[in-house]
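The values are calculated or read from the model by the stated rules, or taken from the named source; none is laboratory data. It should be emphasised that the depicted structure is a prediction, and the values quoted were computed from it without experimental measurement. So basically every Cβ, Gly included, is an ideal-geometry build from the backbone, and we count neighbours across all protein chains shown.
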Amino acid sequence: MAKVDDRGVVLLFGAKETPTPFSWSSLEGAVEFLRGKGWVTIGGVYDTGSTPGTLDSYLKGYMKRATAGWVAALFQAAGLVQLDRRPPSRVRLVS
């Protein structure tokens, strides 16, 4: 994580640590997207398309990059979700 401020969170992706910003509305919306669903496939696809119903699909509404795995890890570190890394990786809100 590079930065947290009133606009959101900036994560650093890859070997070059490319700054990738996430607005609070996208992150808060991701929590709402997961609410009441039980286990949801993360589905990080390295394409501008996505599989409907995945966390990747929700996040691609904000950014056309494969960010779902990174957001799932951020949410896990924050204690918001449980993460099942067995394929297909999935996530669910902590009750």
Exercise. Give, as residue ranges, the strands (runs of 3 or more DSSP E) completely inside the chain that count at least 2 residues that are in contact (Cβ under 8 Å) with a residue 60 or more places away in the chain.
Key: 8-13
Self-check item: Leu93 vs. criteria more than 19 Å from Leu11 (Cβ to Cβ), of a type in the set (A, V, I, L, M) and in contact with a Leu (Cβ under 6 Å, 6 or more places away or on another chain)
Solution: yes
Self-check item: Residue among Thr54, Thr20, Thr48, Thr41 that alone is under 14 Å from the mean Cα position of the chain (by Cα), of a type outside the set (A, V, I, L, M, F, W, C) and farther than 20 Å from Val94 by Cβ
Solution: Thr20
Quiz prompt | Residues of the range 22-42 that turn out to be closer than 16 Å to Tyr62 by Cβ and either modelled with pLDDT under 95 or of a type in the set (A, V, I, L, M, F, W, C) (or both), as a count | solution = 8
